[in-house]
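First up is the structure itself, then whatever we jot down about it.
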Amino acid sequence: MTPFHSRTLVRPALAAAMLLMGGSAAAADTCGGAPRLVVSTPPGFCAGIIGQGFKFARGVQPMADGSVLVVDLGGWQPNQGSVWLLKPGAAGFQKTLLMKKLDRPNGIVLGPDGLVYVGAIKRIFRFDPRDPEGTVKDVIGGNSGTPALPGLGRHPLTAMRFDAKGDLYVNVGSGSDHCEGKDGKAPDAGKPCLEASGANALGALRKYRMQWPAGTVKSWEVHATGLRNSMALAVHPGTQALWQGENSRDALQAAMKGLKNDNDLPHDELNLIEAKGNYGWPYCYDNNVASPEYPDAKCGAYRAPLRLLPAHAAPLGMTFYTADMFPAQYKNSLIIGYHGYRANGRRLVALLPDAQGAPLGKMIELISDWGPKPKQLPGAPVDVKQGPDGAIYLVEDHSGRVVRLQYASPAPAPRK
């Protein structure tokens, strides 16, 4: 038997301190009750993993009841996609499959009718997540009576946004990188890029005028052209203007002598979309510089971007922040996910508003240092949405996670 005087005693104050230290360690490993994502964030922010195990998470839609819908592309083969429900509970978010065998679904948005709209290859459909039957109704393509989306070539995925009037803007990505043919060559100098023009132009945004409360298409038109791939779209909360994050071309060095690589050219772009505007693809890049394949292009005739983004950052999702959880400087900022696998990607950034309220002010990194780490794969953010709780929800398709970025409190002041 151990003598009394040699036993280890834990005094009450020390026990309380040890318990507090254990609680602090546990808190350091979580964010809002979810496992903490090991990344860099500004003081007071943290990122938590609320869902994982998806094959190719591409779309996210937070719901009013605290649940989160997730679109999983499934891969690049047809009919492997799915839609999932993440429902909060005592043990975290529970994952439920809602539908499967979808053809490469990507975009997801809430409609003015409160129903959920999903963009797949060649079609957009809607459903009510409260419907136990899971009834789906085609809105564009499928059985809707409205012609199918092109869904062709290099950029077939569907992204979309509703405006304040309830009309729907839909990305129609280019079928090529810079209008090259099967042989990899661009059209001869002076000849137009056929895929970039006409009633069924690729590299364009379409506007679908909707009829409510039926939620059917009344008419549609090509709204803007010269946009290689408009995966990131957002409507400004004040002006209601549509903003677009452009994924610019690749392989510029192959046609530009003296350029060793395309790591820094061309820049991706932030464009303010105007009806019937042509934004220059494939003829021009950056601030209306003629592409080497089109040296005689009259770039002054095209709309220039209002902001150049980092080269190959690959903006695939963005939203304007209108909630009150984040510090006041973030109000009406544009939050963008940079999906790119190169140096400028793997980040979530906020573009603060300028004096006129446009997202042309300072850029702040909200999530960075998202490369590979022990026990954590690198991130590649895609869709970005604001939740009813004021947090930002995003999905990333490199490791199939759903992430919630929240602001808890200011960082404590350093001791003097």
Segment 75-99, residues that are under 23 Å from Leu316 (Cα atoms) and either out of contact with any Asp or Glu (no Cβ under 9 Å at 6 or more places or on another chain) or of a type in the set (A, V, I, L, M, F, W, C) (or both): Gly75, Trp76, Gln77, Val83, Trp84, Leu85, Leu86
Single residue of segment 193-217 satisfying the filter (surrounded by 14 or more Cβ atoms within 10 Å (Cβ to Cβ) and among the basic types (Lys, Arg)) that is farthest from Pro292 (Cα to Cα): Lys207
Set Gly181, Gly190: member being touching a residue at least 24 places away in the same chain (Cβ under 8 Å) and surrounded by fewer than 16 Cβ atoms within 10 Å (Cβ to Cβ): Gly190
Filtered residue count, segment 65-96, keeping only those that are farther than 23 Å from Pro381 by Cβ and of a type in the set (Asp, Glu): 1
Boolean, Ala241 is among the hydrophobic types (A, V, I, L, M, F, W, C), under 25 Å from the mean Cα position of the chain (by Cα) and within 19 Å of Asp286 (Cβ to Cβ): no
Counted residues, segment 150-179 - those being touching a Gly at 6+ places or on another chain (Cβ under 6 Å) and among the aliphatic types (A, V, I, L, M): 3
Top-ranked residue in segment 218-265 [being in contact with a Ser or Thr (Cβ under 6 Å, 6 or more places away or on another chain) and more than 22 Å from Pro147 (Cα to Cα); ranked as surrounded by the most Cβ atoms within 10 Å (Cβ to Cβ)]: Gln244
Residue count, segment 131-175 (criterion: in a strand (DSSP E or B), open to solvent by less than 60 Å² (accessible area, probe 1.4 Å) and not acidic (Asp, Glu)): 10
The listed residue being more than 18 Å from the chain's Cα centre (by Cα), over 15 Å from Trp84 (Cα atoms) and not aromatic (Phe, Trp, Tyr), out of Pro132, Pro147: Pro147
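The values are calculated or read from the model by the stated rules, or taken from the named source; none is laboratory data. None of the values given here were measured: they were computed from a predicted structure. As a convention, Cβ positions derive from the backbone with ideal geometry for all residues, glycine included, and neighbour counts pool all protein chains shown. These accessible areas exclude ligands, DNA and RNA; they are computed on the full protein's heavy atoms, side chains included. Shrake-Rupley method; radii C 1.70, N 1.55, O 1.52, S 1.80 Å.
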